[in-house]
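The values are calculated or read from the model by the stated rules, or taken from the named source; none is laboratory data. Every value quoted in this text rests on a predicted model; they were computed, and no experiment measured them. Glycine gets a Cβ as well: all are built from the backbone with ideal geometry, and neighbour counts include every protein chain shown. Calculation scope for accessible area: heavy atoms of the full protein, side chains included, ligands and nucleic acids excluded. Shrake-Rupley method; radii C 1.70, N 1.55, O 1.52, S 1.80 Å.
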Amino acid sequence: MKKTTLEYLTFQRGKWINKLFIEYDDITKFKDIKFFYANIIDYIRIILCLFAAYTITTDYYLLTASLIFTATLLDWLDGPVARAYNQCSILGCGLDWSADLLSQIVMIIWWARYDFNVVPWLLIATFIEVITGIFDYATTTTLKYPILRENQTGFFIILNWTMPLNSYTQFGNFLWYSYPSYCILRTLECCYGYNKLIPFISLSTAIQEQNYVLILFLLNRYCLLIPSIFYIWCEAAYGLHILRSWREPSRKIEAASNDIIYDDAFDSYQGGFIHYKVVSNKNKILLENSYEELQFILKDRYELALSNYEVFWINLWKRTGNLTENILLKNQDQLNTMVNEFIQTYYHLNTVLLDGYGYILNPINSHAQVFHIDYTLTYSTLFIPLVPLSVDNATQYLIPSLNIDPKLFAEATKNFDKINVDLLLQDQNYYSVRQCIANPFTVLKMDFGTIHRAISNQGTYHRVMFYISVIKKDQMNQTNIPDEPLIATIKKDL
């Protein structure tokens with residue numbers, strides 16, 4: 001399979017940026033689907049509408065009505081044809097909406113040509129149609145279309161009657177036919193001058209005189225006006241449903257967003273890692289000197305922790321708890337300043353609170369951990385390795401299936417200390433296991449709620465990283481962070 005690298009503008013964190021994408025030769029292009037049967041039907045609908053747009057300037061009233069009505073009826077055919085021949089496509093949705101909106105525009109222009117009094121009402125109805133069409137198609141292109149749940153209430157109750165679970169009912173079909181039929185017949189009424197006669201003639205009089213054309217126009221007024229209003233109500237409710245279900249990537253921008261080298265947390269179901277550029281030389285020296293000073297201060301306690309062959313933390317500062325000892329390093333003030341600067345740089349301002357910082361070590365020949373989540377789904381950590389991260393020592397993390405059921409995911413992750421990874425594979429779901437391979441002093445951000453674990457360090461050196469942990473401000477009082485001593489061993493057995 002061939003693949004090419006192409007550059008596109010992509011919307012990310014509130015702005016458009018240039019980004020390289022890999023495209024494979026099995027992608028669908030316009031030339032591959034342009035002659036799908038459903039698309040051909042929409043081409044015909046567009047041509048009919050354009051021809052109708054020309055005929056509205058002539059006296060061929062019935063021809064205009066036939067063209068618009070035929071284009072409308074064909075709208076009921078393209079969908080079933082696309083599904084029957086497995087030809088559904090995003091392009092087809094766009095062509096369908098283009099034909100729909102074009103027919104609406106031709107219709108209001110034709111009617112307004114003969115009756116200016118209806119222009120305000122036609123503009124409102126057409127505005128609703130256009131807005132719904134634009135945002136409906138925009139949502140379709142995201143490939144994540146919101147399901148219309150049953151039991152809608154209030155203004156949206158009409159959606160229960162017309163299109164529950166995104167499928168038209170018979171009543172919905174009736175409304176769908178009523179609106180264009182009403183508009184076409186009202187326009188023909190004006191074209192032939194019956195609009196001046198109707199206010200003075202009742203339906204019974206028209207029946208007695210056997211004036212069938214007049215009977216048709218009167219029945220249209222009496223029978224299809226309310227269904228037409230209901231149709232516009234349905235369109236407005238559905239348009240608002242699309243808008244209230246609207247989702248976009250976060251617009252929050254961290255100060256270091258331009259320093260991102262790799263980011264798989266952006267489009268992950270939950271969690272992931274973001275790789276940034278390396279820290280400054282000043283901070284490199286600060287982190288190295290502070291670590292060397294710690295080894296000297298702790299001495300035997302440090303060696304004892306290494307001999308347990310378990311991952312362990314050296315907590316220099318903790319937000320909560322009383323067990324953490326106070327160790328004042330020579331460069332403590334500089335370290336505090338650096339930590340606060342990093343939080344402001346790598347997180348959204350005023351959204352997180354510092355929970356702790358220090359060093360984390362994975363000794364040579366350590367014991368592997370189970371997959372887990374640190375404390376809570378609202379917990380995130382910055383890691384700055386002082387040594388190379390390799391396949392022999394780097395943290396593993398798990399990216400779940402994007403389509404996993406939220407209830408299933410919640411059940412699999414209800415025990416943060418031991419994630420049920422087998423449950424994550426139910427219902428044909430999957431997950432990928434990745435590692436953070438990086439050079440020393442690269443800034444790595446483990447996103448909130450990341451499922452991860454330390455592997456057994458099979459390298460030739462202890463893996464040392466400086467860590468900065470944060471918790472979301474709006475959740476800090478709802479989470480119980482355990483009290484930890486200066487050196488805390490993390491033992492999460494397989």
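The charge dipole of the chain, taken about the Cα centre with unit charges on the Cβ atoms of Lys, Arg (+1) and Asp, Glu (-1), comes to about 400 debye, rounded to the nearest 20. Sort the stretch 251-388 into rounded, prolate or oblate with this rule: let a ≥ b ≥ c be the square roots of the eigenvalues of the Cα gyration tensor; rounded if a/c is under 1.5, and if a/c is not under 1.5, prolate when a/b is larger than b/c, oblate otherwise. Prolate is the answer for the stretch 251-388, as a/c is 1.5 or above and a/b outweighs b/c. Average 1/r across all pairs of distinct alpha carbons in the stretch 222-308, invert it, and you get the Kirkwood radius: 19.6 Å.
Would you mind finding the longest exposed-site-free stretch of the chain, with exposed GluC sites (Glu not before Pro) meaning DSSP loop and at most 16 other Cβ atoms within 10 Å? Result for the longest clean stretch: 326-494.
Across 168, 194, 397, the residue with the most accessible area heads the list, and the full order at a 1.4 Å probe is 168, 194, 397. When 113, 463 are compared by accessible area of protein heavy atoms, the largest-first order is 113, 463, using a 1.4 Å probe. Taking all protein chains together, 109, 242, 343 sort by accessible area into 109, 343, 242, largest first [probe 1.4 Å].
The residues of the stretch 111-153 expose, per residue, 65 Å² of accessible area to a 1.4 Å probe.
Comparing 336, 421, 384 along the charge dipole axis of the stretch 312-462, the residue lying farthest to the positive side is 336, per the Cβ-charge model. Cross-link pairs exceeding 29 Å between alpha carbons, from the set 330/473; 445/473; 330/418; 284/418: 330/473; 330/418; 284/418.
Per-residue ellipticity at 222 nm from helix content only, as computed over the chain with -39500 (n - 2.57) for each DSSP H run of at least four residues, stands at -14000 deg cm²/dmol. For the stretch 327-477, a/c is not less than 1.5, where a ≥ b ≥ c are the root eigenvalues of the C-alpha gyration tensor, and a/b does not top b/c. That puts it in the oblate class. Quick test of the membrane-span-like rule: which DSSP H helices of the chain reach at least 18 Å along their long axis (C-alpha atoms) with mean Kyte hydropathy at least -0.5? Answer set is 37-55, 61-84, 90-114, 119-141, 170-191, 212-244, 281-298.
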